[in-house]
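Report on one structure; see the data block that follows.
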Amino acid sequence: MSTGTGELRFELTAGELELLPDEADVAFYAEHGWYLSRQVFSDAEVDALAAAAEAYYAGARSRELPVRPPRLAAWKPADGPVQRHNDYVHYESDPIARVLRKPLLGAVAALLAGVSEIRVFQSTLILKPAVAGEPSNVVPWHIDKHYWSTSSSERMLTAFVPFHDCDEEMGTLTVVDGSHRWREVGREDSVTRHFADRDRGDLERLLALNAAHNGAEVRKVPLVIPKGHVSFHHCRTYHGSGPNVSGRPRRAVSFHLQDGANEYRRFPLSDGGAAVYNHDVLVRRLPDGRPDYADPEFCPVLWRSAGAGRDGC
């Protein structure tokens with residue numbers, strides 16, 4: 001990955017080039033706001049990721065965050081059999097990072113987003129337990145960009161990486177087809193809050209309101225994802241997930257990605273304050289004092305095409 005001169009160089013094998021999205025795939029993503037990849041990870045890589053996740057749950061850390069952000073998801077055994085969310089696993093676990101930071105994954109994301117550089121933005125390790133009726137297993141409809149209001153880019157996207165075949169019975173990721181192209185209405189300060197802090201009925205109302213404003217049908221598509229394959233969705237695509245009724249835990253990483261041009265922007269709130277993202281207390285500062293969303297310690301480059309400019313686009 002490194003040339004030894006301080007420059008990053010990313011290359012794909014002939015076999016990996018065959019796994020990239022073609023023009024029709026890129027057009028599909030642009031129209032629908034989601035894409036299901038070919039087999040990006042081998043079975044061995046996925047198994048290594050699952051083993052690293054188990055070690056993480058058991059307390060293994062390559063390093064720990066120097067500061068605890070205000071809205072950190074950090075499940076611990078004492079929290080019990082709820083849906084587990086653990087942020088920054090790409091930072092805290094080198095074995096997890098070694099699998100997730102595969103250049104092929106970044107190359108796929110770059111083609112879908114239409115950019116030449118992809119950086120890590122965030123990573124969340126997720127386990128949806130096989131507990132009938134567990135309320136936390138149902139994830140209400142939401143848009144990732146709402147939580148990333150301090151990010152300037154509209155090209156950000158999320159790669160959902162399950163550790164096994166993942167279907168509707170397991171409560172797989174479900175997207176609202178084409179919703180990334182809707183003109184948004186009903187936006188207020190509350191949308192910057194995580195869905196766990198909001199009323200599910202209000203989130204359903206907001207989805208219906210936006211669909212009606214755009215004269216659109218709410219077409220929900222459960223994504224059936226084979227092991228080693230990855231789903232991608234646009235930062236403005238409505239998505240959520242249902243209960244896990246499979247009898248087996250649903251295990252995955254939600255890997256959030258940013259393009260090279262993304263940077264911090266102040267997002268004012270109605271009370272005179274400003275929205276805050278967890279990065280803002282962790283990453284280094286730019287000369288003008290803003291948080292640096294290109295800090296390589298927390299937001300490393302995942303893919304950069306040859307000849308890419310410094311803005312990554």
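Of note:
- Within region 194-308, strands (runs of 3 or more DSSP E) holding 2 or more residues that are over 15 Å from the mean Cα position of the chain (by Cα) and in contact (Cβ under 8 Å) with a residue 60 or more places away in the chain: 301-304
- Restricting region 145-178 to residues that are among the charged types (D, E, K, R) and closer than 17 Å to residue 267 by Cα, the residue that is modelled with the highest pLDDT is 154.
- Of the residues contained in region 99-109, none is found to be out of contact with any Ser or Thr (no Cβ under 9 Å at 6 or more places or on another chain) and without any contact (Cβ under 8 Å) to a residue 12 or more places away in the chain.
- Tally of residues being without any contact (Cβ under 8 Å) to a residue 40 or more places away in the chain and among the basic types (Lys, Arg) across region 73-89: 1
- Checklist (1) more than 30 Å from residue 305 (Cα to Cα); (2) of a type in the set (A, V, I, L, M); (3) surrounded by fewer than 17 Cβ atoms within 10 Å (Cβ to Cβ); (4) under 19 Å from the mean Cα position of the chain (by Cα) applied to residue 58, failing item: (4)
- Among the residues of region 121-156, those that are touching a Gly at 6+ places or on another chain (Cβ under 9 Å) and in a strand (DSSP E or B) comprise 128, 139, 140, 141, 142.
- Residue among 144, 94, 79 that is within 28 Å of residue 21 (Cβ to Cβ) and either among the charged types (D, E, K, R) or surrounded by 16 or more Cβ atoms within 10 Å (Cβ to Cβ) (or both): 144
- Residue in region 71-83 that is among the aliphatic types (A, V, I, L, M) and assigned to a helix (DSSP H, G or I) present: yes
- Looking across region 272-291, the residues that are surrounded by 18 or more Cβ atoms within 10 Å (Cβ to Cβ) and of a type outside the set (Ser, Thr, Tyr) come down to 275, 278, 279, 282, 283, 291.
- Residue match in region 179-192 (condition: at pLDDT 60 or above, in contact with a Leu (Cβ under 8 Å, 6 or more places away or on another chain), more than 24 Å from residue 223 (Cα to Cα) and not hydroxyl-bearing (Ser, Thr, Tyr)): yes
- Residues that are in contact with a strand residue (DSSP E or B) (Cβ under 6 Å, 6 or more places away or on another chain), more than 25 Å from residue 240 (Cα to Cα) and part of a loop (DSSP other than H, G, I, E, B) are absent from region 40-50 altogether.
- When 35, 88 are checked against the criterion of being touching a strand residue (DSSP E or B) at 6+ places or on another chain (Cβ under 6 Å), of a type in the set (Ser, Thr, Tyr) and crowded, with 20+ Cβ neighbours inside 10 Å, 35 stands alone in meeting it.
- Test: residue 269 is at pLDDT below 95, out of contact with any His (no Cβ under 8 Å at 6 or more places or on another chain) and surrounded by 22 or more Cβ atoms within 10 Å (Cβ to Cβ): no
- Residue that is surrounded by the fewest Cβ atoms within 10 Å (Cβ to Cβ), among those in region 10-29 that are within 18 Å of residue 231 (Cα to Cα) and of a type in the set (Asp, Glu): 23
- Among the residues listed as 115, 138, the single one being within 22 Å of residue 34 (Cβ to Cβ) and surrounded by fewer than 19 Cβ atoms within 10 Å (Cβ to Cβ): 138
The values are calculated or read from the model by the stated rules, or taken from the named source; none is laboratory data. The shown structure was predicted, so the numbers you read here are calculated from the model rather than taken from an experiment. Here the Cβ is made from the backbone with ideal geometry for all residues, glycine too, and neighbour counts use every protein chain on show.
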